[in-house]
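Comments concern the structure below.
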Amino acid sequence: MLTILFDGLAYGMLLFVLAVGLSVTLGLMNFINLAHGAFAMAGGYVAVVMMQRYGLSLFWSLPAAFVLTAAVGALLERTLYVRLYDKTHLEQVLFTIGLTFMAMATVDYFMGASPQIVDVPKALEGNFELGIVSLNKYRIFVIAVCALLTIALQLGLSKTRFGSRLRAAVDDSRVARGLGIDVTAIFALTFAFGSGLAGFGGALGSAIFSIDPQFPLKFMIYFLIVIAVGGTSTITGPFLASILLGVADVAGKYYTPEIGGHRIEIGGFVIYTIMVLVLIFRPQGLFGRAVGK
Amino acid sequence: MTDATATDSRSGTDRAMIYFAERARWRGPEVALWIGAFALAFLFPSRALLFNEVAILALFALSLDLVLGYAGIVSLGHGAFFGLGAYAAGLLAKAGAGAAPLSDPTLGLLFAALVCAAVGYVTSFLVLRGSDLTRLMVTLGVALIFQEIANRMAWLTGGADGLQGVAPANILGMFEFDLYGRNAYLYSLTVLMVLFVFARKIVHSPFGISLRAIKGNSLRAGAIGIPVNRRLNGAYTLGAAYAGVAGALLAQTTAFVSLDVLDFHRSADVMLIVVFGGVGTLYGAVVGAAAFKAMYDVLAAATPQYWEFWLGLVLVLLVLFVRGGVMGLLGAFYARLQRVGGRP
């Protein structure tokens, strides 16, 4: 039971790092970016390539994945995404699905369709024995890194000048623009940073779940759930939602009740049902506040 | 000149009626298209299986066009109804073990349409809440739930192995599903045409026109007395039933249902077809389906594994450069022809 909670916590933290960029960009520009998972996948493959082909350590791969995906994100934002902000949601959806398909096929072409998993660094192998529970060292590392990141994000958002500009822009971008805040630049920066975080999360996660070309589609729904449940106006909302989702997902895989003689995995049902219910009763998210836009 | 004065003497309502009647009029190219589609079965009998797929895809796209193009509901999970219809018809045909009355194809279509309409009606209440983004997620969520159910209920659906032993009886008790797919194509095409004519009628009916008003501005549509939510429920239900029939056609003509019918790529493909053909044009669905299948045939033959890349590229280019799809381009071209022709 404790192990499930622990694994779920690690998984949820990871999900948060993966999804937080999407949550902020969605709240800021009201832009539906279904290609967010592609950035996470890119980060994962950066780690795979660096570690398997060049024998570098995971500790080098993580920052590299962040920088590379952030750069790609910035490039795409300036060249392509910027043309889509004033288009309809349908066009945004089509465009980003198109990008996702292209990314998936490209990765398939260069890396093959088989799932890739990277080795955990030697220093983080094995478990900590703590009385009755044994905790996986790598998951402790993941939790620690993600917790640090979350605290840094929260502080950056609430204490720095950039953070307060960003919050102002999310709350009401028109008024923020009127006050002389360069919303376009803030958005570009945030988008790049969010993509970088996704890449970082992908690299960090590549040692826990395997990475394959289907990754963006598989995780798209998880990202959407995080946003649906957590809302887009804060980062604490998506954070709590990620933890919940992580624990629920891991628990759902362990807990398989028998119904009418058939062993049934309920994980998927529970999660999707919760998402649909939350969307129906609290369209602004479980932890979000209603924003009049 | 006399025409103009005669029009002016009529009341506003009359003029509106004439306008709508003119819009709903059948035009030459439309009739030619349908005759041509039937002729294909006899001109290229060896490609009938491919044509059959196109007809089914066109019907599926037509169903999304009703939801997306007329009701303005962005759905990422329309494949749920396609799959549900396929399983409904497949299970019914299996239960009948290839003999009428249960395995009768027409009954299968009706059954699939009813099941999907019922589910569509219930889920329409979930879908109609909230913004585009919420709708997107709810439709996707519902589709995923369906996929999970079909996957887990392997004792009923066959799970990952697919539903075996779907044996529909002869069409109308007379025509057998032959190996070359000619009867299957004629059957699917007939269903497509009947439902297309019906959809065309609906679109030009007061119901369809009120849908267009809602899509234009739902607040104002409500203000002039259109029951917005009821109309959207109706449109979504209709779209679901149409998608169900398309799924049922696939199940009957291929005598097999696999989990693939509920896959996400179905929902994405059909959206591409509708947007490529032209949203809210009905014919866009048919043209888009034919173009999509042709493109698939060429590209997938060249690079089978990386077909997705070209699909993505088309989507991206479409959004960036082409507005209104093929039908939009055709319309602009036609308008230009008329201008050029009318000038001298």
> Under the definition of partner shielding as Cβ atoms of other protein chains within 10 Å of a residue Cβ, what is the mean value for peptide B:144-154?
Replying inline: 4
> Roughly speaking, what is the centre-to-centre gap between the stretch A:151-198 and the stretch A:60-86 when only Cα atoms are used, to the nearest Å?
Replying inline: 16
> From the phi of every residue in the stretch B:273-283, what ³J(HN,Hα) in whole Hz does the Karplus formula 6.51 cos²θ - 1.76 cosθ + 1.60 yield, where θ is phi - 60° and glycine or proline is x?
Replying inline: 4, 5, 5, 5, x, x, 6, x, 10, 6, 5
>> With the crude spin-label approximation of a point 7 Å out along Cα→Cβ, what separation in nm comes out for A:Asn30 versus A:Asp119?
In response: 5.2
>> Based on the alpha carbons, how large is the Rg to Rh ratio for the protein assembly as shown when Rh follows Kirkwood?
In response: 1.00
> When the helix-only estimate is applied to chain B (DSSP H runs of n ≥ 4, each -39,500 (n - 2.57), divided by the residue count), what is the mean residue ellipticity at 222 nm, nearest 500 deg cm²/dmol?
Replying inline: -24500 deg cm²/dmol
> Which of B:Thr253, B:Tyr242, B:Leu43 sits closest to the plus end of the dipole of chain B, meaning its Cα is farthest towards the positive end, when Lys and Arg get +1 and Asp and Glu get -1 on the C-beta?
Replying inline: B:Tyr242
> Does the stretch B:208-344 come out rounded, prolate or oblate by the C-alpha gyration tensor, with a ≥ b ≥ c the root eigenvalues, rounded set by a/c under 1.5 and, if not, prolate when a/b is larger than b/c and oblate if not?
Replying inline: oblate
> Using only Cα atoms, what is the ratio of the radius of gyration of the stretch B:30-342 to 2.2 N^0.38 Å?
Replying inline: 0.99
> Under a GNM of chain B (C-alpha, springs under 10 Å), which listed residue has the highest mean-square fluctuation: B:Val275, B:Val322, B:Val127?
Replying inline: B:Val322
>> Between the stretch B:279-344 and the stretch A:94-126, how far is it from one alpha carbon centroid to the other, in angstrom?
In response: 31
> Of the residues B:Leu68, B:Leu84, B:Leu40, which exhibits the maximal mean-square fluctuation in a Gaussian network model of chain B defined by a 10 Å Cα contact cut-off?
Replying inline: B:Leu40
>> Need the list of aspartates and glutamates near B:Lys293 for cross-linking: C-alpha distance under 12 angstrom, and skip anything on the same chain fewer than eight residues off.
In response: B:Glu53, B:Asp269
> Can you give the FRET efficiency for A:Arg161 and A:Leu5, using 1/(1 + (r/R0)^6), R0 = 35 Å, r = Cβ-Cβ distance, to the nearest 0.05?
Replying inline: 0.35
> Listed here are the pairs A:Lys87/B:Lys215; A:Lys159/A:Lys218; A:Lys218/A:Lys253; which of them are more than 24 Å apart at the Cα?
Replying inline: A:Lys159/A:Lys218
> Which length gain, in nm to one decimal place, applies between B:Ala167 and B:Met295 when the Cα-Cα distance is subtracted from 0.36 nm times their residue separation?
Replying inline: 43.0 nm
> In nm², what is the average projected area of the convex hull enclosing the Cα atoms of chain A?
Replying inline: 17.2
> Label B:Trp155 and B:Phe175 with points 7 Å out from Cα along Cα→Cβ: what is the distance between them in nm?
Replying inline: 4.0
> Hey, rough spin-label estimate for A:Lys137 and B:Leu317, points 7 angstrom out along Cα→Cβ, what's it come to in nanometres?
Replying inline: 5.2
> For A:Leu80 and A:Val175, what does the FRET efficiency come to when R0 = 22 Å and r is the distance between their Cβ atoms, rounded to the nearest 0.05?
Replying inline: 0.20
> Most fluctuating residue of B:Ala332, B:Ala41, B:Ala113 in a GNM of chain B with Cα springs under 10 Å: which is it?
Replying inline: B:Ala332
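Every read-out reported here was derived from the displayed coordinates using simple, explicitly stated rules and does not represent laboratory data. What you see is a predicted model; the values in this text were computed from it and never measured. Here the Cβ is made from the backbone with ideal geometry for all residues, glycine too, and neighbour counts use every protein chain on show.
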